[in-house]
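Worksheet for the structure shown next.
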Amino acid sequence: MLQVSVYVTDLLDPDMPDLDVFLVDKFAELSALIEIELGEPTRRSPGYQPEIAWYLPHAAIVLAVGSRFIQIDVVNPTYQEWWDRQDDEDDDLDEFIEPEESVGDEVENGLHGGPLEWNDYISALAATLWLMPDDGRLELATANGIVRFALIDYHLSCEVVFNEISTATIVQDAQTIFSSNIWDASKNGGVMSWKYKLNWPSVFEKYELAAAEVVEIINKAYHVDQTSEIVVEAWNPTGDAPDISRLGAVEYFD
């Protein structure tokens with residue numbers, strides 16, 4: 001027998017309210033429970049087809065989330081090794097494929113032909129962060145500062161940086177917004193920044209919290225009036241760039 005797959009959830013209705021949030025939360029909770037029993041995962045695969053796998057002597061246990069379900073696969077170790085080799089060969093082939101030309105890295109309009117409302121931008125940013133691929137980078141730039149995200153070694157880091165020309169009032173506005181329990185402040189050469197780190201996977205609420213405070217910083221401390229003023233860039237030095245279409249931007253290749 002090569003593989004047995006079992007649905008952990010029902011096949012959910014695509015119109016179910018907050019379907020994505022439910023799947024994200026259950027995936028994070030289940031991965032934590034399995035890790036208690038089996039220890040540190042052998043493989044983590046963030047991105048559009050999230051998986052976490054434990055390779056045991058007699059079976060590989062793979063927890064995966066789809067668009068409407070969460071499932072656990074119990075896989076023959078030899079079969080799993082074969083699949084891993086196919087993935088490695090596909091990655092090697094990708095290195096010889098010329099990247100597409102950049103088609104734009106600036107947000108001219110929102111996703112539906114106009115700037116997104118700020119509350120919609122929070123939801124879009126939270127979803128974008130959850131779907132970040134391994135080694136993905138995301139940058140939101142404004143005239144008064146930059147917000148940088150990176151998913152490295154299965155930790156999502158966020159850094160909010162103010163330009164040297166930013167006034168003391170702008171920085172003070174930021175200090176009143178950040179939650180002291182999740183952000184660490186630092187100053188380097190006159191440039192003020194705050195940093196926040198989140199383990200992957202985590203429940204969706206944590207992505208929303210980071211997104212909400214970042215958006216509030218951009219709106220109220222960076223003094224950006226519309227989301228269409230934000231310059232969005234995304235890249236990945238080792239693989240696929242994050243999808244930034246939810247933010248009203250077009251994905252491009254560095």
Regression test value, accessible area per residue of region 1-90, probe 1.4 Å, units Å², expected 61
In region 17-66, the chymotrypsin sites (Phe, Trp or Tyr not before Pro) that sit in a DSSP loop and have at most 13 other Cβ atoms within 10 Å of their own Cβ are Tyr48
Simple spin-label estimate for Ser186/Ala59, 7 Å along Cα→Cβ, in nm, reads 4.4
With a 1.4 angstrom probe the carbon and sulfur portion of accessible area for region 1-92, in percent, totals 54
Excluding residues fewer than 8 positions from Lys220 in its own chain, the lysines with Cα under 27 Å of it are Lys187, Lys195, Lys197, Lys206
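The values are calculated or read from the model by the stated rules, or taken from the named source; none is laboratory data. All values derive from a computational prediction rather than experimental measurement. In this analysis, Cβ positions are derived from the backbone assuming ideal geometry, glycine residues included, and neighbour counts consider all displayed protein chains. Accessible surface areas use protein heavy atoms only, side chains included; no ligands, DNA or RNA. Shrake-Rupley method; radii C 1.70, N 1.55, O 1.52, S 1.80 Å.
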